[in-house]
1. Could you order peptides 107-120, 303-316 by the average number of other Cβ atoms within 10 Å of their residues, highest first?
2. What are the semi-axes of the equivalent ellipsoid for the stretch 41-310, taken as the square roots of 5 times the Cα gyration tensor eigenvalues, largest first, in whole Å?
3. Provide Ser282, Ser231 in ascending order of the number of other Cβ atoms located within 10 Å of each residue's Cβ, fewest first.
4. Using the Cα centre of the chain as origin and beta-carbon charges of +1 (Lys, Arg) and -1 (Asp, Glu), tell me which of Phe311, Ala296, Val143 is placed farthest towards the positive end of the dipole.
5. In the chain, with Lys and Arg counted as +1 and Asp and Glu as -1 at Cβ, which of these residues, Ala441, Tyr244, Asn164, has the Cα nearest the positive end of the dipole, that is, farthest along it?
6. Any idea which of Val285, Val432, Thr232 is furthest toward the positive side of the dipole for the chain, if Lys and Arg beta-carbons carry +1 and Asp and Glu beta-carbons -1?
7. Only Lys, Arg, Asp and Glu count, each charged at its Cβ (+1, +1, -1, -1), so figure out the dipole size of the chain about its Cα centre, rounded to 20 debye.
8. Hey, what do the phi angles of the stretch 198-213 turn into as Karplus ³J(HN,Hα) couplings, whole Hz, using 6.51/-1.76/1.60 and θ = phi - 60°, x for Gly and Pro?
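FYI, it's all coordinate maths here, none of it is from the lab. Predicted model only: the values in this text are computed from it and were never measured. Quick reminder, even Gly has a Cβ in these numbers, built from the backbone with ideal geometry, and neighbours come from all protein chains shown.
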Amino acid sequence: MKKKLILLLSCLIAFTMVFSFPARAAGEEGFTIDFDTNCNAIFMKNLDTGTVVYTKNADERIEPASTTKILTYIVVAENVDDLDGTTVTLTQELKDSLEGTGSSIAFIMVGETMSVYEALNCLMVQSGNDAAVVLADYVGGKVNQETGNPENLSNMDRFVQLMNDKAAELGCTGTHFANPDGLHDDDHYTTARDMGIMAEYAMDLPRFMDVVSQTVHTIPATNMQEERDISTTNLMMIPYYEDYYYQYVTGIKTGWHDQAGDCIVTTAKAEGYAYLCVAMGSPHVEGQDPTPKNGAMIDSKALYRWAFRTFTLKSIVDMEKPLAEVNLNLAWDKDTLLLVPEADVTSLLPNDVDLNSIVVSDVEKPESVNAPITKGEILGKATLSYANHQLATINLVASEDVQRSDLLYYWEGAKNIISSPWFLGIVGLFVVLFIIYLIIATIYNRRDRRKRKVKKYRKF
């Protein structure tokens, strides 16, 4: 009766959830939003919990434009030991490679020498393609010298190879880069999800967030230029741009060209919560004035407002709440054992979620367990879900210690022996032998009686 009631309640909850919450498009992940977006691809993740809160075409290939430079930074930082003490110099050949490309530049001069660290600032703050090629040429040449170059790759080709190797190492499955700056190339693409993976990795690198969170950076005097300031291309960090500015945004990288559209990768932190948002492939948006608007920045601002307004970290199960039960053998006073979560579980959920709507599904447990059982012993696992959104997979453990009954143990052992094939075989053999014995004894007795009868008649 108890099990039937639980089953009935589960069905009612599932039915209610199906008809109470809006469905997501097939293949999409996260929760729904109540506004339209401009970007072709979006990936948004809560960094505290790892919860993906919203996606839109997150696994479709798309050109990343200058957001490519996130991976360029990674490869440079991991292949140069001393960022401040190592210098690079822009050559005429490298500058010429950018002619006619419409490149964003940091105005590095031919023959100008600066530290790798300052070149990284030119790369990420002002999105300088001149910084991208000089850094890639240096690192590619360095690796060619250190590892040998049997493939006869140019310094630039070697660097691009390092980029693709790193992307694969990070688990990016929809990414291939053809250059370090993000200029258009049919063989240059990524996905919003992959870009999120790369950005999250970069955020843990020393000095990365210090670089990308700057609105203005001062380049020290070089051999060819006086001290000068460079400004960020990320208008979401500049209060003057009211359409885009969001006070909690810190970094990371913008991108744009005709084929890619507007792109931006950002992170924001407020009230103890941190998010990463990748917004890519937006056409320019028409505003109230003739100046076109950056659709990726508009989307990112709206998504951050939605996320910070919508979600709270909630405790969804605690260690004292039974989630399942399992049949128990060899215990004297009970025949079932309650299973509880191994630990308290928290999850990022909409503020208005009723915790009773959390569904326990895909419970994996044995049909029965044998005492003795130790409290906390892992005996199964289960999945927690909300509105078809998987929240967590947890271990189920014994809720208490259970002692073994020696009487039941030995009785169970005796039953096992009695029911075992070899025991039955022996018993069967004895039965057969006994039957044979009876048959032989019967035959012998009959013969013996006949003999005695014959002897009796002979006496007369």
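1. 107-120, 303-316
2. In descending order, the three semi-axes are 29, 21, 18 Å.
3. Exposure proxy ranking, most exposed first: Ser231, Ser282.
4. The residue sitting most towards the positive pole is Phe311.
5. Ala441
6. In the chain, that residue is Val432.
7. Value, rounded to 20: 6900 debye.
8. Those phi angles translate into 5, 5, 4, 5, 4, 4, 8, 6, x, 6, 4, 5, 4, 6, 7, 8 Hz.
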